Every structure is written in structure tokens, then in C-alpha cells.
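See structure below.
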Amino acid sequence: MKMGVLPNKRSNQSCNSLLQRISAHKSNYWIGFVSDPLTAVFLLYWDARVLRAEPIVLMATYVVAVVSFTLAEYVFHRWVYHQGETLAHAGHRMHHNSPKILIGMPWFMTTGFLLLVWYVFGYRFHVHFVLSFMAGLTTGFSFYSALHHAHHHFHMRSPWLRKLNAHHQIHHRFATVNFGVTNRFWDQLFGTAYRKRTESPDSSRRAHSFIERLAAAAQAVLSQAGQRIHNN
């Protein structure tokens, strides 16, 4: 039985190794910047022109999906990129080790998944608004990719972008905080925003010592009260 398992493990390892090499290739990185927006445009076009989806609902669905991506970005960054032993985790670990390396999800995996969604919901079953929602998520992902690239390769002048950049650079120093790349809202909501300690170590020790003395005094008072009750 063991001899039947080993080839499968080797096959999976070789496949993961190949995908990691593709992810770290410059051509894959730059193709994704083109293929993702084009796929989003295609999905919107199909929903609007071929399926004849209601324009107002279509645009509302698209905007909701763009905003929803900010939460998906936080969830994936915190619980997928920084946990487990997946291809995404391995690639993100490479990014933390070399922040300027041009690494990204293999473009054909993203495009292939989106085309599968198009085939099922748009081509076969003609379901409205699913493609618009996926186009919105893809737009959010494209914006995330562009902004993340700017964080590591450009010096930005906009105060808002500089604050976001500082927010992300702190994440590279302390990997358990500041998971947001395009925004800081979800970090603040879930309590993972970096908090700089303002008190000195001496003041912290003094506060801790004071709390210990206060607890000891309270324990002594309770002990004396218990003895009096017992004597009565």
C-alpha cells in the first residue's frame, strides 16, 4: 500500500513545484495584469448584451461585488495566504522573503475558473447577474494586484496611498497584523490593525506591579472577612 502512495506524493510535489515556478515567472505576472481585466470586461459584456440583464441591477451587482472583494481580500490574506501548506501559502511566503519578486497566481488558473463560471451560468443556463458579480470580484482583484505592486515598486505622493503603503509595510514586519492591502477597514473591524505601544517598559512594569499589590490587598481583606464570619 505504501508503494502505491509514494508515486502520488511525488506527482503532487512535482506538480506543486511546477506551479510555483510558473507563479514566480515574470511573464505569468504581467499576463495576469492583462488577462484579468479583459476577462472582467468579457463577463460584463455577456451579461449585458447577450443575456440582456437589467442594466441598473447589473451595475448594482457589479458595485456590490467590487466592495465585497475587500472582505474576500482580507479573509484570503489572513486565513489562506498565512495558514496551511497550500500553493497560495507557499507563494505568499516567497513574497514575504523577497517583497519585490514578481510573483502571482498562475494566470490560466484564474482565467480558467472564470471561463468555467461563464460556461455554466452564462452559456448553458443563462443565469443573470452571476457574471456581473464575478466581473466585480475580478475588478477588485485587478485593483488589489495593481495597488500591491505599487506598494513595493513605487513611491506614492497621495497621502491616502502613502498611509496604505505604510499599513502594508508594517504587515511585512509583523505578519500577524495589517492584512488589508487596498483598505484598512477590515483590520480595524476585526482587531488586527497594528497598535503602536506608547507606554515605556518601566511604566508597564509599574502598572503590572500596582495591579499585583491591589490584588494581594483585596485577597487579604477577603481572607480576614472570611475568618470573622467563621469565628461568629
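The values are calculated or read from the model by the stated rules, or taken from the named source; none is laboratory data. Small disclaimer: the values here were computed from a predicted structure and weren't measured. Positions of Cβ are generated from backbone atoms using ideal geometry, with glycine treated the same way; all protein chains shown enter the neighbour counts.
See the values below:
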| quantity | calculated |
| --- | --- |
| Subset of the range 77-120 [charged (D, E, K, R) and in contact with a helix residue (DSSP H, G or I) (Cβ under 6 Å, 6 or more places away or on another chain)] | Lys100 |
| Flag if Ala48 is in the same structural domain as Val181 (by TED's automatic domain parsing), farther than 30 Å from His168 by Cα and surrounded by 15 or more Cβ atoms within 10 Å (Cβ to Cβ) | yes |
| Helices (runs of 4 or more DSSP H) wholly inside the range 106-191 containing at least 3 residues that are small (Gly, Ala, Ser) | 130-153 |
| Residue match in the range 79-87 (condition: surrounded by 16 or more Cβ atoms within 10 Å (Cβ to Cβ) and closer than 25 Å to Ala193 by Cβ) | yes |
| Unmet requirement for Tyr81, which otherwise passes all of (1) in a helix (DSSP H, G or I); (2) free of Cβ contacts under 8 Å to residues at least 12 places away in the same chain | (1) |
| Near pairs, Cβ below 8 angstrom, 6+ apart or cross-chain, from the range 111-132 (in the same structural domain as Met59 (by TED's automatic domain parsing)) to any residue that is of a type in the set (D, E, K, R) and buried (at least 18 other Cβ atoms within 10 Å of the Cβ) | Thr111/Asp36; Gly122/Asp47; His128/Asp47; Phe129/Asp47; Val130/Asp47; Leu131/Asp47; Ser132/Asp47 |
| Test: Ala72 is at pLDDT 95 or above, in contact with a helix residue (DSSP H, G or I) (Cβ under 8 Å, 6 or more places away or on another chain) and of a type in the set (A, V, I, L, M, F, W, C) | yes |
